[in-house]
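The structure under discussion appears below in the form of structure tokens.
Any read-out appearing in this document is the output of simple, stated calculations on the displayed coordinates, not a laboratory observation. Just so it is clear, the structure is predicted and the values come from calculations on it, not from any experiment. Virtual Cβ from ideal backbone geometry, glycine too; neighbours counted across all protein chains shown.
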Amino acid sequence: MELKNIKNSWINQFPKPLIIAGPCSAESEEQMLKTAELIAENTDKVQIFRAGIWKPRTKPNGFEGVGVIGLDWLKLVKEKFGFLTATEVANAHHVEAALKAEVDILWIGARSTVNPFTVQEIAESLNGTDKIVLVKNPVNPDLALWIGALERFLAQGIEKLGVIHRGFSTYQKSQYRNNPHWQLALDFKQQFPNIPMLIDPSHICGNRISLATVSQTAFNLDYDGMMIETHCNPDKAWSDAQQQITPQKLAELIAHLKIRNTTVLGFDEEMERHRTLISDLDFQLIELLSQRMKISEKIGQLKHDNNIMIFQPERWKLIQEYVLGKATETGMTPQFVEKIFKAIHEESIAIQNLMMKD
Ligand code: PEP
Ligand code: MN
């Protein structure tokens, strides 16, 4: 069996869009039940309740999850409110405990997807079950690694597969906690239209402000659903506090989403797809230009401190030769590229001039 051939009818048992919501981490029985109660009270669109039981944290000595006791709380949430449940598993022990506690859906975190040994261990421990497994994109923008992880599950007979787009980490600071790189996710969708894709706006944004925009973008691109973090008291959350919202706010966000029903992309959808990609590239252009100008400023400082001329004709000649060569290579006219780089160079000189003035 190949990934391209699996039939993902599991998603059809759910209304579209499939919405998974719940706190980043299970913290206490009270927090879990309260969050579930508030979700149930405010919206009927959430089908699955999520909570992290074991938390992969960037730094040691932080809260690393409540452990197996949290699985009992997930069970309570299911009994009291009827949600299916989902949690992250990162090794064979987690799988064993989650299976024993009858968690319905398991997901593989971004930090696990990057590691083939980890994925292999999890996949083997799931052999013989018919769990729904959702694989988050790896932290780095590597499409093959993401696909490879899915292949490891398929090789163990796990066919109810889906993916979660949670963005990709970058060294540069940006408006996102994890850059969405929409193109990469769309490439995945194009190769595997049969594998449901969910958006995780929480980990892409890292804040509350752009959750709605990122979610809407995904639905414009025909995603099948989303996984989003919500907490009864977000400001006091033990992990990812900045990006969690109350169930009331979540209900509002969901109510405002425009969900398109077509699976065939029509004109509007196609336009929307292109525009999203353009916006994504514009965002990257601006980020890069801003970084370039910051470096210019440093150069300006160095020239100032050493009393060196700002304009270095040989350097500018080299840059021009390089970009004009690149223009032809990449199918753009030299005139266009020259215009842009003249503008960049001019701005650079203006910035360095300012530095010269102490
Ligand atoms: C999470 O869902 O809480 C989580 C840890 O996500 P990710 O693996 O995307 O960082
Ligand atoms: Mn989280």
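Taking the chain as a Gaussian network, where each spring joins two C-alpha atoms under 10 Å apart, which residue of VAL135, VAL119, VAL66 fluctuates the most? The residue with the greatest mean-square fluctuation here is VAL66.
Between amide H atoms placed 1.01 Å from N, distances below 5 Å from GLY52 occur with SER25, ALA26, all of them 5 or more places distant or on a separate chain. Near ILE228, the amide H atoms lying under 5 Å from its own belong to ILE20, ALA21, GLY22; only residues 5 or more places off or on other chains count, and H is placed 1.01 Å from N. Across ARG292, ARG275, ARG50, mean-square fluctuation computed from a Gaussian network of the chain (C-alpha pairs under 10 Å connected) peaks at ARG292.
How much net charge surrounds LEU250 when only the other residues with a Cβ under 10 Å from the Cβ of LEU250 are counted, with Lys and Arg +1 and Asp and Glu -1? Intermediate results must be reported in sequence, preceding the final value.
Numbers: positive: LYS45, LYS249; negative: GLU229, GLU252.
Charge balance in the 10 Å sphere: 0.
So which chymotrypsin sites (Phe, Trp or Tyr not before Pro) in region 143-187 pass both tests, a DSSP loop state and at most 12 other Cβ atoms within 10 Å of the Cβ?
Numbers: sites: TRP146, PHE153, PHE168, TYR171, TYR176, TRP182; in loops: TYR171, TYR176.
Within region 143-187, the qualifying chymotrypsin sites (Phe, Trp or Tyr not before Pro) (loop, at most 12 other Cβ atoms within 10 Å) are TYR171.
Centre-to-centre separation between the Cα atoms of region 143-171 and those of region 298-358: 42 Å. Inter-label distance, ILE319 to GLN291: 1.7 nm, where each label sits 7 Å from its Cα along the C-beta direction. Taking each residue as 0.36 nm, the span from LYS100 to GLU41 lengthens on full extension beyond its C-alpha to C-alpha distance by 18.3 nm. Among the listed pairs LYS236/LYS294; LYS80/LYS160; LYS7/LYS59; LYS55/LYS173, a Cα-Cα separation exceeding 30 Å is found for LYS236/LYS294; LYS7/LYS59.
Report the relative contact order of region 115-169, percent, no decimals, based on alpha-carbon pairs under 8 angstrom and at least 6 residues apart.
On the way: 69 pairs, mean separation 26.7, N = 55.
With pairs under 8 Å counted, the relative contact order is 48 percent.
With θ taken as phi - 60° and the Karplus curve 6.51 cos²θ - 1.76 cosθ + 1.60 applied, the whole-hertz 3J(HN,Hα) list for region 316-321 is 5, 5, 4, 4, 4, 4 Hz, x standing for glycine and proline.
Dividing the Cα radius of gyration by the Kirkwood radius, what Rg/Rh value follows for the chain?
On the way: Rg = 23.8 Å, Rh = 22.5 Å.
So for the chain, dividing Rg by the Kirkwood Rh gives 1.06.
For region 219-261, the residues whose backbone nitrogen is under 15 Å from a point 7 Å from the Cα of PHE283, taken along Cα to Cβ, are 219-221.
The loop-placed GluC sites (Glu not before Pro) in region 18-82, going by DSSP, that have at most 16 neighbouring Cβ atoms within 10 Å of their Cβ come out as GLU64. Our coupling estimate for region 153-168, obtained by passing each phi through the Karplus curve with A = 6.51, B = -1.76, C = 1.60 and θ = phi - 60°, is 5, 4, 4, 9, x, 8, 10, 8, 10, x, 10, 10, 8, 10, x, 10 Hz, Gly and Pro reported as x.
Its DSSP H runs of at least 4 residues, each contributing -39,500 (n - 2.57), put the calculated 222 nm mean residue ellipticity of the chain at -16000 deg cm²/dmol, to the nearest 500.
Close amide H pairs (under 5 Å, H built 1.01 Å from N) link VAL135 with ILE108, GLY162, VAL163, ILE164, residues at least 5 positions away or on another chain.
What angle, in degrees between 0 and 90 and rounded to the nearest 10, separates the Cα long axis of helix 267-306 from the longest principal axis of the Cα atoms of the chain? Helix 267-306 sits at roughly 50 degrees to that axis.
Rounded to whole numbers, the Karplus 3J(HN,Hα) couplings from phi for region 230-246 are 9, 8, 5, 9, x, 4, 9, 4, 7, 8, 6, 4, 5, 9, 8, 10, 6 Hz, using 6.51 cos²θ - 1.76 cosθ + 1.60 with θ = phi - 60°, and x at Gly and Pro. The relative contact order of the chain, computed from alpha carbon pairs under 8 Å that lie at least 6 residues apart in sequence, is 15 percent.
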